[in-house]
1. For an R0 of 35 angstrom, estimate the FRET efficiency from the Cβ-Cβ distance between Ala78 and Arg101 and round to the nearest 0.05.
2. If I model a spin label as a point 7 Å beyond the Cα along the Cα-Cβ vector, how far apart are those points for Arg53 and Val70 in nm?
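Where a number appears in this text, it was derived from the coordinates with a stated rule and is not lab data. If you're wondering where the values come from, they're calculated on a predicted model, not measured in any experiment. Note: ideal-geometry Cβ built from the backbone for every residue, glycine included; neighbour counts use all protein chains shown.
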Amino acid sequence: MNIVAKSDKWPDVLIRALRGVSKGMTPSGKTVDAALAQLRQALSTLESAVDGRFERERAQSDIEGEVRRVHADRSRLAQELDQAEFRANRLEEVNREVSRRLVTAMETIRAVLDR
């Protein structure tokens, strides 16, 4: 959002109105033109600050979206890890059972061969 483009005209309207009212000095000793120049500078600074704020808010919004995606990825990865750990534990149990059966089979074969 570019506030400068929208507000370029109203300081000029103010300047024309003030020039029509007075060409004299302000109470602080400044001319109206000098005061208007300060006003323009202040408005420009304010508009720049507002534009910067909008940019930071847009960046913040992007960051928040990225954080949500990271949390979703983390949840998905945690679920996949849980499933992988379950599968690994199950495979370990099956491996122990197969190993036990092989030992039993080998002992049975030795017993038969020893007779």
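1. Working from the Cβ atoms, E equals 0.50.
2. If labels sit at Arg53 and Val70, their model points lie 2.7 nm apart.
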